[in-house]
1. Check every one of the strands (runs of 3 or more DSSP E) wholly within the stretch 6-55 and list those with 2 or more residues that are modelled with pLDDT of 65 or more and not small (Gly, Ala, Ser).
2. Pick from the stretch 190-229 the residues that are closer than 13 Å to Arg162 by Cα and hydrophobic (A, V, I, L, M, F, W, C): which of them is nearest to the chain's Cα centre (by Cα)?
3. Is it true that Arg81 is over 23 Å from Trp168 (Cα atoms) and surrounded by 13 or more Cβ atoms within 10 Å (Cβ to Cβ)?
4. Would the stretch 141-150 turn up any residue that is touching a residue at least 60 places away in the same chain (Cβ under 8 Å) and at negative phi?
5. Mind checking which residues of the stretch 175-214 are closer than 26 Å to Thr89 by Cβ, of a type in the set (Ser, Thr, Tyr) and either assigned to a loop (DSSP other than H, G, I, E, B) or open to solvent by 10 Å² or more (accessible area, probe 1.4 Å) (or both)?
6. What number of residues within the stretch 89-102 satisfy the criterion of being open to solvent by less than 30 Å² (accessible area, probe 1.4 Å) and either among the polar types (S, T, N, Q) or under 16 Å from Asp45 (Cβ atoms) (or both)?
7. Name the residues in the stretch 145-163 that are buried (at least 20 other Cβ atoms within 10 Å of the Cβ), touching a Phe, Trp or Tyr at 6+ places or on another chain (Cβ under 9 Å) and not aromatic (Phe, Trp, Tyr), would you?
8. Looking for something within 18 Å of Tyr97 (Cβ to Cβ) and touching a Lys or Arg at 6+ places or on another chain (Cβ under 7 Å) - is there at least one such residue anywhere in the stretch 160-182?
Amino acid sequence: MKIRGERECTECGTRWSYYETGSVGCPACGSLRSVGVDDRTEHTDMPVAFDLTGVRNAIDEVSNDDLADRAREECREYIRRRGFVNAGTLRDLDDTYLAAAELLHVADVVARDMRLEEREELYFLSLLRDADSGERPPADEVPRSLRAARGLAYANAVREYRRDVRTWVEGRELTTAERSALETLGEHVTRIRMLEGDVDPRTADRLIAATRDLVNGLRGDEVSFSQAQDRLEGLEFDS
């Protein structure tokens with residue numbers, strides 16, 4: 001959406017940035033009456049904290065399925081408010097967003113599975129421990145039963161990110177190669193989602209690497225764009 005992020009309260013004259021507060025309410029007097037004082041700028045990202053401390057503190061008090069429910073709520077709210085265009089600038093597809101997305105899907109499995117194996121439980125707890133720091137286990141540690149959760153989480157993350165990338169490039173003349181790369185990225189996302197995320201975790205990682213290279217290429221890095229093309233062309237979906 002395009003909004004005027006710099007606001008001025010018509011009641012008390014206070015100026016503030018909507019991009020920083022995420023609110024049209026005046027931080028000084030609380031009035032909702034304000035006017036924009038800058039040009040309209042693309043903006044999809046809202047201020048939101050991602051802190052799993054409260055969930056982690058309950059580890060010794062509640063069952064795994066209760067923990068999973070609490071983790072899902074925190075992740076869902078964080079992802080709901082997150083975007084990638086901030087005051088017209090495209091943010092990176094960051095590790096914290098990816099970790100939150102994966103924890104959301106893994107927690108969904110944990111909440112539904114009454115016979116959780118030790119390796120699955122440890123993986124879930126590992127994500128819960130580190131996701132809000134932007135860390136997640138490497139691909140070779142993903143249990144076979146949870147790899148679909150990672151695959152679907154990453155595919156959904158790239159789908160949302162690609163949507164904001166298209167918003168960011170709106171009005172810009174893309175080359176044929178750039179348009180083709182964006183379309184290929186979307187096709188890969190669709191294919192993984194059709195497979196319900198059940199792909200090798202290393203394939204999911206390569207999808208993220210290709211996405212990041214592509215965006216750096218759209219920012220003007222020719223080497224990254226070439227790497228993105230190679231990654232997208234070489235992406236395979238074997239089990």
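The values are calculated or read from the model by the stated rules, or taken from the named source; none is laboratory data. Here the structure is a predicted model, which is why all the values come from computation and not from measurement. Here Cβ is always computed from backbone atoms with ideal geometry, including for glycine, and neighbour counts include all displayed protein chains. We work out accessible area using only protein heavy atoms, side chains counted, and drop any ligands, DNA or RNA first. Shrake-Rupley method; radii C 1.70, N 1.55, O 1.52, S 1.80 Å.
1. 6-9
2. Ile208
3. No: the conditions fail for Arg81.
4. no
5. Within the stretch 175-214, Thr175, Thr176, Ser180, Thr184 qualify.
6. 6
7. Leu146, Ala157
8. No, there is no match, as no residue in the stretch 160-182 is within 18 Å of Tyr97 (Cβ to Cβ) and touching a Lys or Arg at 6+ places or on another chain (Cβ under 7 Å).
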